[in-house]
Amino acid sequence: MAALAATTFLVSSAARPFAQQQDQNNPPGGFVIRANAELVLTNVVARDAKTGELLRDLKQSDFTVFENGKKQVIASFDFQSVDMAAPLKEATVTGLAAGGVGNKAVAVAKPEELRNHRLIVFFFDLTSMQPEDLDRSVDAARDFLKKKMSPADLVALVSLGDTLKVDQDFTADKDALAAEVGIYNGTEGQGFAQGATANSNQAEDTTGYTPDESEYNDINTDRELFALRAIAKSLEKIQEKKSLLYFSGGISRDGIENQASLRSAVNAAVRANLAVYSVDTRGLQAISPAGDASTGSLRGQGAYNGGALSNNMNSNFASQEVMATLSADTGGKAFFDSNDFAPAFAQVQKDTSAYYAIGFHSSNPARDGKYRKLTIKFNRPGVKLEYRQGYYAPADFAHSGKQDREQQLEEQLASDLPATDMAVYLDAMYFRLEENRFYVPVSLVVPGSQIPFVKGGDKDKATLDIVGTVIDEVKRPIGRARETVKLNLDQALGARQKNIQYTTSFNLPPGKYHLKFVVRENQTGRMGSFEADITLPEMKKQPSAKRPIWLSSILLASARQPSKQDSPLVRNGQEYVPNISHVFRQDQHLYLLYEVYGPAKEKLADNAPKGTKAGVSVLSSLELLQGAAKVYETPVVKATAVNVPGRDAVALELDVPLNGLRPGQYICQLNVIDDAGGSFAFPRFAVLVKEPVQASASGPASGSGSGSSR
């Protein structure tokens, strides 16, 4: 199944190992020194146990920090109080918003100027709130901004509707904040409301039907948690304690379906020193056995035996459980079952009025992603401490779960920044299938030296995760590839010194597309990505005979393999394996495959028998140039008939033995002439010819090129 004399291994979307002869001169890198310098920050509020008064002027020696019962060395200690806040002249702190009210240009505050200020984010989840709930939360926010906001408070506004938006950056401008928050009207989140589930109405017979939309709800919940994580990540560089007031109509979680998203949001908030204060905007609800107007009519005995009431109360509790977890795990508080939201604002101000920021480097170097319990003790009695009770340790790739690993791939695929831990190269070509459809093969190459193979007997083993997407001109994803490729190669092949090649394909209409692929090796989790653009031309028939020649991509290969697939890359049972690096050896052949579409028909002679079909006349040859000198040219290949009738195409093949060429770089000019139509094309490309791995003592034998249009 694999050619043993190979120096490049190819795996296609069907996970087929194949060997293509091609050098890879990328030796392993040098030594890398890594240090764990992650600082764990926690904020501590110290109060008198009897009076509740804040305690100031405490020293680092007054505190002792324990992680899972083990004493830790305090690395940083700071006290911040809003009483010492210096007024800011600048309105904006982070510069994230598109432009506040009136689109006024504002300056950005320096990080050191944020000391002793309260940084508060109002996050309105418009997708989960009913109009009356949104009105209640907006009124409460405006009341706080106008009456309770202090000079030390800096507030930002963020909303989640059809997209996540920073509506106003951190500012002390009360009027700008009040005007911006008043814009929310509830229409932004339409279409994202929670769907029905099997428990939405408590029908006890089979005459009623409620669609189960649990999967849709899981996606909605992930979307809300990803938004929280995005907010936290955007605030990581601000070292001061930050508070987020999360206004929501509840988040439902289906078992463990959203566990990875929840943990990711909590971890991001903890790392950003962000405490979440959840506010259930539904307020105090009267839960009845019959439910509300969003549920179907009640049937059976559930209304009389307590079953329906219990089900509704459990459903309400479940929608608050995620919000409570977010608050508890990040050091904030949750506010449920109250129509008065003022205590939430007061609690944020109280918790951030004065606090001690304590940092330490964990004595446990394991990156296992496990929860670590924090205990902070004061060295004398009569003091009550308020702090976050623990955090999740960083997780390396070996300790991450399936969901976390899949999420990492999706995040990198969506990221604007490339992944550069692994070297990856990509090339895409096109061949027309019909007038408005193209076959687009995509090949990726990863140097074997980048992959940590594991020895298993006489095999080199490794696993690669590959994910890719195709996006059109209006940023819509219209194609996707996802595969886990398991490599199991003979050690004699020396995979670490070769290239690993993966090939997949898409069927696309004419247009401009952007391709992005991410490759990850599953031993250490290193990733690499590559992006490319491809334009698929319009090839519609035109009434005029005068038109440019229609040509496919020019496929270069150094190897062919038997195949029974119905593909433009297969000719006479042999599949061309793309050589996307254009690097060849003298002991190899340079194979070319390309197609001409809709060639012009030759005019029939006046005395041609009735029923005679007009032929075509397509001529082609390849020239190899070095500088201004032509050093080689293949014989001319002539096609007199369409040889791919189902696609109205002439497929042309050239075979160039390289043993008669000297090592070096060559410019190749492909000559393609549609003699009957009077059109032509002369595309050029570069190739590099290298010496064989084991050069023979005798000189290279001479050879002649061959061509075919079979």
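Here are some notes:
- Which numbered condition Val636 misses (of (1) touching a residue at least 60 places away in the same chain (Cβ under 8 Å); (2) within 27 Å of Ser443 (Cα to Cα)): (2)
- Taking first residues from the stretch 670-692 that are open to solvent by 20 Å² or more (accessible area, probe 1.4 Å) and partners that are of a type in the set (Gly, Ala, Ser), the Cβ contacts under 6 Å between residues at least 6 apart in sequence or on separate chains come to Asp675/Ser617; Ala676/Ala600; Ala676/Ser617.
- Lone qualifier among Ala152, Ala232, Ala176, Ala196 - being modelled with pLDDT of 90 or more and either more than 29 Å from the chain's Cα centre (by Cα) or not acidic (Asp, Glu) (or both): Ala232
- Residue within the stretch 611-626 that is closer than 23 Å to Phe682 by Cβ and open to solvent by 50 Å² or more (accessible area, probe 1.4 Å) present: yes
Yes/no matrix, rows are residues, columns are (1) under 32 Å from the mean Cα position of the chain (by Cα); (2) open to solvent by 70 Å² or more (accessible area, probe 1.4 Å); (3) at pLDDT below 85:
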residue	(1), (2), (3)
Leu39	yes, yes, yes
Thr42	yes, no, no
Ala46	no, no, no
Leu54	no, no, no
Leu58	no, no, no
Thr64	no, no, no
Gly69	no, no, no
Lys104	no, yes, yes
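- Residue check: Gln168 meets all listed conditions (1) polar (S, T, N, Q); (2) at pLDDT 85 or above; (3) out of contact with any strand residue (DSSP E or B) (no Cβ under 8 Å at 6 or more places or on another chain) but one, namely (3).
- Listed by first and then second residue, the pairs linking a residue in the stretch 161-187 that is under 20 Å from Leu225 (Cβ atoms) to a residue that is polar (S, T, N, Q) and at pLDDT below 85, with Cβ atoms under 9 Å apart and 6 or more places separating them unless they lie on different chains, are Gly161/Thr187; Gly161/Gln190; Asp162/Gln190; Val166/Thr94.
- Yes/no for Ile451 being free of Cβ contacts under 8 Å to residues at least 60 places away in the same chain, over 20 Å from Leu555 (Cβ atoms) and β-branched (Val, Ile, Thr): no
- Of residues in the stretch 130-142 being modelled with pLDDT of 90 or more and not charged (D, E, K, R), the one farthest from Asn316 (Cα to Cα): Ala141
- Any hit, the stretch 71-92, residues being at pLDDT 90 or above, part of a loop (DSSP other than H, G, I, E, B), open to solvent by 20 Å² or more (accessible area, probe 1.4 Å) and farther than 30 Å from Leu284 by Cα: yes
- When Ser553 is tested against (1) surrounded by fewer than 19 Cβ atoms within 10 Å (Cβ to Cβ); (2) out of contact with any strand residue (DSSP E or B) (no Cβ under 6 Å at 6 or more places or on another chain); (3) of a type outside the set (Lys, Arg), just one condition goes unmet, and that condition is (1).
- Looking only at the stretch 128-147, and only at residues there that are outside any helix (DSSP H, G or I) and surrounded by 23 or more Cβ atoms within 10 Å (Cβ to Cβ), the one that is farthest from the chain's Cα centre (by Cα): Met129
- Test: residue in the stretch 237-251 that is at pLDDT below 85, of a type in the set (D, E, K, R) and farther than 28 Å from Ala140 by Cβ: yes
- Candidates Val467, Val485, Val474 - the one that is open to solvent by 10 Å² or more (accessible area, probe 1.4 Å) and either under 23 Å from Asp427 (Cβ atoms) or assigned to a loop (DSSP other than H, G, I, E, B) (or both): Val474
- Residues in the stretch 464-491 that are touching a residue at least 60 places away in the same chain (Cβ under 8 Å) and of a type in the set (Val, Ile, Thr): 1 in all.
- Selection of the stretch 310-341 for residues being outside any helix (DSSP H, G or I) and among the aromatic types (Phe, Trp, Tyr) yields Phe335, Phe336, Phe341.
- Pick from the stretch 281-332, criterion modelled with pLDDT of 80 or more and touching a helix residue (DSSP H, G or I) at 6+ places or on another chain (Cβ under 6 Å), ranking: farthest from Asn267 (Cα to Cα): Arg282
- Residue in the stretch 560-576 that is in contact with a Gly (Cβ under 9 Å, 6 or more places away or on another chain), in contact (Cβ under 8 Å) with a residue 40 or more places away in the chain and either crowded, with 17+ Cβ neighbours inside 10 Å or among the basic types (Lys, Arg) (or both) present: no
- Residue-level check: of (1) modelled with pLDDT under 95; (2) within 30 Å of Ala676 (Cα to Cα), Tyr594 misses just (1).
- Strands (runs of 3 or more DSSP E) contained entirely in the stretch 342-456, each with at least 1 residues that are touching an Asp or Glu at 6+ places or on another chain (Cβ under 9 Å), among the polar types (S, T, N, Q) and surrounded by 18 or more Cβ atoms within 10 Å (Cβ to Cβ): 437-447
The values are calculated or read from the model by the stated rules, or taken from the named source; none is laboratory data. Model, not experiment: these values are computed from the prediction. Methodologically, a virtual Cβ is constructed for each residue, glycine included, from the backbone with ideal geometry; neighbour enumeration extends over all protein chains shown. For accessibility, only protein heavy atoms count, side chains too; no ligands or nucleic acids. Shrake-Rupley method; radii C 1.70, N 1.55, O 1.52, S 1.80 Å.
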